[in-house]
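> The structure under discussion is supplied below as structure tokens; questions concerning it will follow.
The values are calculated or read from the model by the stated rules, or taken from the named source; none is laboratory data. As the structure is a prediction and not an experimental result, all values here were calculated from the model. Ideal geometry is used to build each Cβ from the backbone, glycine not excepted, and the neighbour counts take in all protein chains shown. Remember, those area values only see protein heavy atoms, side chains included, never the ligands or the DNA or RNA. Shrake-Rupley method; radii C 1.70, N 1.55, O 1.52, S 1.80 Å.
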Amino acid sequence: MYATLPYMFTGERILPGGKFNVTYQESLFAYDFARQRAAGKCVLDVGSGEGYGAAYVAQQAQEVVALDPHTGTVQEAKQKYRATNLSFFSGTLDSPPSEIKEKQFDVVCCFQTVEHVQDQDQFLQQLKAQAASGGEVIITTPNAERFPGFNPYHIKELTPAQLTDLVKRHFSRFELYGVFGNEGVLRYKRAKQHFNDMMLRADFLRAREWLPRPLVFGLYTLGAGAIKSLSYRAEKAHVDEVTLSSFWVGKDRLEEALDLLVIGYANER
């Protein structure tokens, strides 16, 4: 179901601070949005990654269960983030651990993951199935209309219209928002776009389309690291100042949003 994500730096995994700060704060903003809706509730975090987001939500939630397909990442998260109401499991919704399969949750979070999934309709069905009646499914994904680029790990990025069509096939009631950033965030994003475009122009033979996939992933890993470093150096002063307050959600001008955020309400069974 998922595009391959080895347990190594791929450009997809996020670390706090430095050249990762904008991406980290943007990711944490989604978790902050969920945390405000999760007080005293049971939460499932699908695609939990390094685990910092699940741990952040657990500060307010009754319980947080985190699920990620990568065993190494899960083991590291277990060691780093420990709380009585926080647990980490390795697996996917195709074959979830019994602790998840046999339970439903008040809030189901899935951030920056749906773009990695081949069958997005099936994936949304699975997310909804984990939500209790009256529960919420909160999803974020990159906005395909803003700062487009090549990413072999993303099977299908979505525009606002495409995400709307996808979500309304599974939820009779939902809300669609955009995640926006201030000028410091945009300066970093524009720098990344500039260096990404430069690298794509250098691939004038379009080798990314015919090289063996393992080699494409390896080259992308090197390129993603270089782009983050170059962008950080170009906009270091602005990047270092980015915090949670540098982001906000809105319903207008979604084509300009950095990410798209959906709340699906699982009211019917």
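> Give me the residue from the range 101-151 that is among the aromatic types (Phe, Trp, Tyr) and surrounded by fewer than 18 Cβ atoms within 10 Å (Cβ to Cβ) and, out of that set, modelled with the lowest pLDDT.
Step one: of the range 101-151, the residues among the aromatic types (Phe, Trp, Tyr) are 105, 111, 123, 147, 150.
Filter again for surrounded by fewer than 18 Cβ atoms within 10 Å (Cβ to Cβ), leaving 147, 150.
Details: Phe147: 85, Phe150: 79.
Out of the qualifying residues, it is Phe150.
> Quick test of your reading of the structure: Lys228 fulfils all but one of (1) surrounded by 19 or more Cβ atoms within 10 Å (Cβ to Cβ); (2) free of Cβ contacts under 8 Å to residues at least 40 places away in the same chain. Name the failing condition by number.
Evaluating Lys228 over (1) surrounded by 19 or more Cβ atoms within 10 Å (Cβ to Cβ); (2) free of Cβ contacts under 8 Å to residues at least 40 places away in the same chain leaves (2) as the failure.
> Which ones in the range 128-165 are over 22 Å from Phe33 (Cα atoms) and of a type outside the set (Asp, Glu)?
Phe147, Pro148, Gly149, Phe150, Asn151, Pro152, Tyr153, His154, Ile155, Lys156, Ala161, Gln162
> Could you check the range 231-267 and list, in sequence order, the residues that are more than 30 Å from Ala129 (Cα to Cα), surrounded by fewer than 18 Cβ atoms within 10 Å (Cβ to Cβ) and aliphatic (A, V, I, L, M)?
Within the range 231-267, Ala234, Ala237, Leu244 meet the criteria.
> Which residues, taken from the range 69-121, are among the acidic types (Asp, Glu), farther than 16 Å from Val137 by Cβ and touching a residue at least 60 places away in the same chain (Cβ under 8 Å)?
Asp94, Asp119
> List pairs: first in the range 20-35 and under 15 Å from Ala58 (Cβ atoms) and among the acidic types (Asp, Glu), second open to solvent by 30 Å² or more (accessible area, probe 1.4 Å) and in a helix (DSSP H, G or I), Cβ under 8 Å, 6+ apart or cross-chain?
Pairs found: Asp32/Tyr56; Asp32/Leu244.
> Would you check if Leu200 is surrounded by fewer than 20 Cβ atoms within 10 Å (Cβ to Cβ), over 26 Å from Ile263 (Cα atoms) and touching a residue at least 40 places away in the same chain (Cβ under 8 Å)?
Details: surrounded by fewer than 20 Cβ atoms within 10 Å (Cβ to Cβ): yes; over 26 Å from Ile263 (Cα atoms): yes; touching a residue at least 40 places away in the same chain (Cβ under 8 Å): yes.
Criteria met by Leu200.
> Name the residues in the range 75-129 that are outside any loop (DSSP other than H, G, I, E, B) and hydroxyl-bearing (Ser, Thr, Tyr), would you? If you could, list the steps in order and put the result at the bottom.
Looking only at the range 75-129, we keep the residues that are outside any loop (DSSP other than H, G, I, E, B), and these are 75-80, 86-90, 98-101, 105-111, 114-117, 120-129.
Selection gives Ser87, Ser90, Ser98.
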